[in-house]
């Protein structure tokens, strides 16, 4: 099992550009999540999905969009990148039930917007 | 009160010391709690789960105090390799749908 994979590992964007962060998992998990982590801070939930075709906003969804067409993939789209979106982005997955809640994280994408 | 609060530290301790971190939460309906470990510039990884009063795994003990709404993580005989940030996670939700809320983490530095 590869677990949760993310691409790219690093990216530098100019203000106003767009990009898609890729996330895939091979554990057949229903739940998938996107977080951002700013320096010295905890993880903030951007969007999450409880299954294919179902997505919902987290704490900080503005400036982002997601889709979940398959169980395995959960891409995050940034439109019109802004310096405030400079952060480390983590994708995670889990079974999502109260007793099987361990989240597995990808290695992260380090994004800089200049 | 914030949903999940942690003292950011850093906690600076010598090898062999015992150190404890607390995490307070606001949602009294939460049933399960988690501690994750995050190394510098790496992804978080699950350290311990707490579903009832507590859990122990080797040098690590997690305890839950529902009355005061906090969980604690105790590390005995600290090793240099324990240096990391420890994240408290409290899922909340209804109907079997659990969405996690992360604390900002507590930084631990173990020195020789």
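The values are calculated or read from the model by the stated rules, or taken from the named source; none is laboratory data. Quantities reported herein were computed from a predicted structural model and do not represent experimental measurements. Note that we place each Cβ from the backbone using ideal geometry, even for glycine, and neighbour counts take in every protein chain shown.
Select from region A:8-42 the residues that are in a loop (DSSP other than H, G, I, E, B) and modelled with pLDDT of 95 or more and list them in ascending order. Listed by number, the residues that qualify are A:8, A:9, A:14, A:15, A:16, A:17, A:18, A:26. Among the residues making up region A:44-69, those that are without any contact (Cβ under 8 Å) to a residue 24 or more places away in the chain, within 11 Å of chain B (Cβ to nearest Cβ) and part of a strand (DSSP E or B) are A:44, A:45, A:48, A:51, A:54, A:56, A:57.
Let's see how each residue does on (1) within 13 Å of chain A (Cβ to nearest Cβ); (2) touching a residue at least 60 places away in the same chain (Cβ under 8 Å):
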site: B:9; (1), (2): yes, yes
site: B:22; (1), (2): no, no
site: B:35; (1), (2): yes, no
site: B:45; (1), (2): yes, no
site: B:53; (1), (2): no, no
site: B:61; (1), (2): no, no
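Does residue B:52 qualify as being touching a strand residue (DSSP E or B) at 6+ places or on another chain (Cβ under 8 Å) and at pLDDT 95 or above? It would help to see each step written out before you state the result.
Details: touching a strand residue (DSSP E or B) at 6+ places or on another chain (Cβ under 8 Å): yes; at pLDDT 95 or above: no.
Against the criterion (touching a strand residue (DSSP E or B) at 6+ places or on another chain (Cβ under 8 Å) and at pLDDT 95 or above), residue B:52 does not qualify.
Quick check, is residue B:62 within 23 Å of residue B:28 (Cβ to Cβ) and part of a strand (DSSP E or B)? It is true that residue B:62 is within 23 Å of residue B:28 (Cβ to Cβ) and part of a strand (DSSP E or B).
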